[in-house]
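The next block holds one structure in the form of structure tokens; read it before the comments.
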Amino acid sequence: MRCPYCGNDETQVKDSRPSEDGSSIRRRRFCPACGNRFTTFERVTLRELTVLKTDGRRVPFDRDKLAKSIKIACRKRPVDDERIERILNGIQRRLEMETEAEIPSRRIGEMVMETLKGVDQVAYVRFASVYQNFSEAKDFQAFLGGLDAP
């Protein structure tokens, strides 16, 4: 594993343990070249996924991009990093279990919204505002009106 600080290829594993949900291995690493420590996560990938964008492009599934968007939606909300990791693991597993290897981006967005709705409604609205491309206050108003409906 390459050190993210100095780029050294020879790092050492100091501690390994399973994550709370058991879907990954957390490793604490040490770089003898620069002395820095960092954490990596090792996950099982069942198969390679391709995301079918709305404009027709096909791009590889990027877990980090999904994580970034969920973290932005959850910023300054009572949703800890471990919960976000469990959300990501759950969504990735569901995507890997789909029958098709090409997943429409809309399907991923719907999965995230469905999950965030049960976790934190503010994060849900934040994600929805970007995902559904709200451009005016009335877009928020219409969306929030639908939240109260059963």
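Descriptive notes on the structure:
- Added length on full extension, which subtracts the Cα-Cα distance from 0.36 nm per residue, Thr54 to Asp80: 6.2 nm
- Gained length - Asp9 relative to Ser135, 0.36 nm times residue gap less alpha-carbon distance: 40.7 nm
- Mean accessible surface per residue for the range 1-107, computed with a 1.4 Å probe while every protein chain stays in place, in Å²: 67
- Length-normalised contact order of the chain in % [C-alpha pairs under 8 Å, at least 6 apart]: 16
- Cβ screening of the chain for cysteine pairs under 4.7 Å finds these without a partner: Cys74.
- The chain - mean residue ellipticity at 222 nm from DSSP helices (-39,500 (n - 2.57) per run, n ≥ 4, rounded to 500): -14500 deg cm²/dmol
- Whole-percent carbon and sulfur share, accessible surface of the range 1-113, 1.4 Å: 47
- Size descriptors for the range 57-133 (Cα atoms only): Rg and Dmax, in that order, 12.1, 36 Å.
- Gain on full stretching of the segment that runs from Arg37 to Lys117 - 0.36 nm per residue minus C-alpha separation: 25.2 nm
- Ellipsoid semi-axes for the chain, based on the Cα gyration tensor and the rule √(5λ), read 33, 19, 15 Å when sorted largest first.
- Annotation for the range 76-117 versus the range 4-18: alpha-carbon center distance of 28 Å.
The values are calculated or read from the model by the stated rules, or taken from the named source; none is laboratory data. Computed from a predicted model, the values in this text were never measured in an experiment. Ideal geometry is used to build each Cβ from the backbone, glycine not excepted, and the neighbour counts take in all protein chains shown. The area values use the complete protein model at the heavy-atom level, side chains included, leaving out ligands, DNA and RNA. Shrake-Rupley method; radii C 1.70, N 1.55, O 1.52, S 1.80 Å.
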